[in-house]
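The values are calculated or read from the model by the stated rules, or taken from the named source; none is laboratory data. What you see is a predicted model; the values in this text were computed from it and never measured. For neighbour counting, all protein chains shown are included, and Cβ atoms are generated from backbone atoms with ideal geometry for every residue, glycine included. Side chains are part of the model used for accessible areas, which takes the heavy atoms of the whole protein and leaves out ligands, DNA and RNA. Shrake-Rupley method; radii C 1.70, N 1.55, O 1.52, S 1.80 Å.
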Amino acid sequence: MEKRTFKDWIIATRPWSFSASTIGILAPMAFFYWFLQPDMKLCTINLDWNAAWLCLPMILLFHAAGNLLGDYADHIYGVDSRNDYNGVLSMKSGKFTPKEIKLYGWSLILAGTIFGLIITFMTSNWNLLWFGVTGAFLTVIYYWLKYHAMGDLDILILFAMLPALGIGFLLTEQMFWPILYICLPYGLQTVAILHANNTRDIRTDKAAGIHTMNHFLGGKVAQILYVIEISVPFVLLIIYAILGILPYLTLITIITLPLAVKLSKVMLKAPVNSDLPIATLDQQQAKLQLSFGALFCLGLLISAFL
């Protein structure tokens, strides 16, 4: 067995993708900080921000666990075995055994669960457990959903809708349903990370006998859908700003539009079902998602002080 370093254990979790879960927590926190400012100034509510911050390590642990368990499943079922763009490489190279990756993933699920219990005890709100249990469940079955054309929906729920509803419930002790459309701009940018990955892997996924949504759509439609997923968020924010749903400063995200245009061109120019031209597009999309999400948060936070 090849000697492993601490860095190897971190790389095995694919940390470049963690922007998806990080923004999934920080964005709703920033939104509620802006949205609840009038109440906080009047001292009519007492928000538990410490518990809310603990949601970040919890979701990061679940995210890392999902990556590991997904890679384990891909390795066992022979998915993506013909390319070196994914986490399966850590097992193909012999650096980790499949059993180690599986155990690593379940260990992180346990660690994330402990954080969830701590949050529940801190808030004395046992209803929060439903959010944690749902998140853990969707993490564990992600690879199965991905193989049956539902991976994109799973990611939208896991890294946008569920944490947004959960943060809202933690802070206000009620379901704030409008957050479901407010989280769509950064949520779609997050889904586009997986969509870029699955578009690249259409050929190898088909050879392995699994059926992602991109497989059913076909290469060209999948390419167009990717462009839609990273373009619609800008349109939504403009509409939300005009309607007064979000502050105008959230339009600072337009700074990332040139990158979105660049990635769109890369996707559309790539030959259908050719993986090489878009080999690292999922990682580039993660950078776009992080930049878009960070600016979205910044716009909300600045607005909260104006």
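Dividing the convex hull volume of the alpha carbon atoms of segment 101-158 by its residue count gives 71 Å³ per residue. Packing order of peptides 184-190, 71-77, highest average first: 184-190, 71-77 (average count of other Cβ atoms within 10 Å over each peptide's residues). Using the Cβ of Gly66 as centre and a radius below 13 Å, the other residues enclosed give a net charge of 0, where K and R count +1 and D and E count -1. Val266 contributes about 50 Å² of solvent-accessible surface, heavy atoms of the protein only, 1.4 Å probe. Within the straight-line cut-off of under 24 Å between alpha carbons, the lysines reachable from Lys7 are Lys92, Lys95, Lys99, Lys102, Lys287, sequence neighbours fewer than 8 places apart in one chain being disregarded. From its DSSP helices (H runs of at least four residues, each -39,500 (n - 2.57)), the chain gives a residue-normalised ellipticity at 222 nm of -22500 deg cm²/dmol. Derived from the Cα gyration tensor, the three semi-axes of the equivalent ellipsoid of segment 256-306 are 31, 10, 5 Å, largest first.
Of the residues Trp130, Trp34, ranked by 1.4 Å probe accessible area with the largest first, the sequence reads Trp130, Trp34.
Accessible area per residue for the chain in Å², computed with a 1.4 Å probe and the full protein assembly in place, what is it?
Numbers: 13900 Å² over 306 residues.
That works out to 45 Å² for each residue.
Computed over protein heavy atoms with a 1.4 angstrom probe, the accessible surface ordering of Tyr104, Tyr181, Tyr240, largest first, is Tyr181, Tyr104, Tyr240.
The GNM of the chain, with springs linking C-alpha atoms under 10 angstrom apart, assigns the highest mean-square fluctuation among Met267, Met161, Met91 to Met91.
With all protein chains present, how much of the accessible area of segment 147-203 (probe radius 1.4 Å) comes from carbon and sulfur, to the nearest whole percent? Let's see the in-between values first.
Working: 1210 of 1700 Å².
Ligands and nucleic acids excluded, carbon and sulfur give 71 percent.
Across segment 173-226, the fraction of Cα-Cα pairs farther apart than 13 Å, rounded to a whole number, is 63%.
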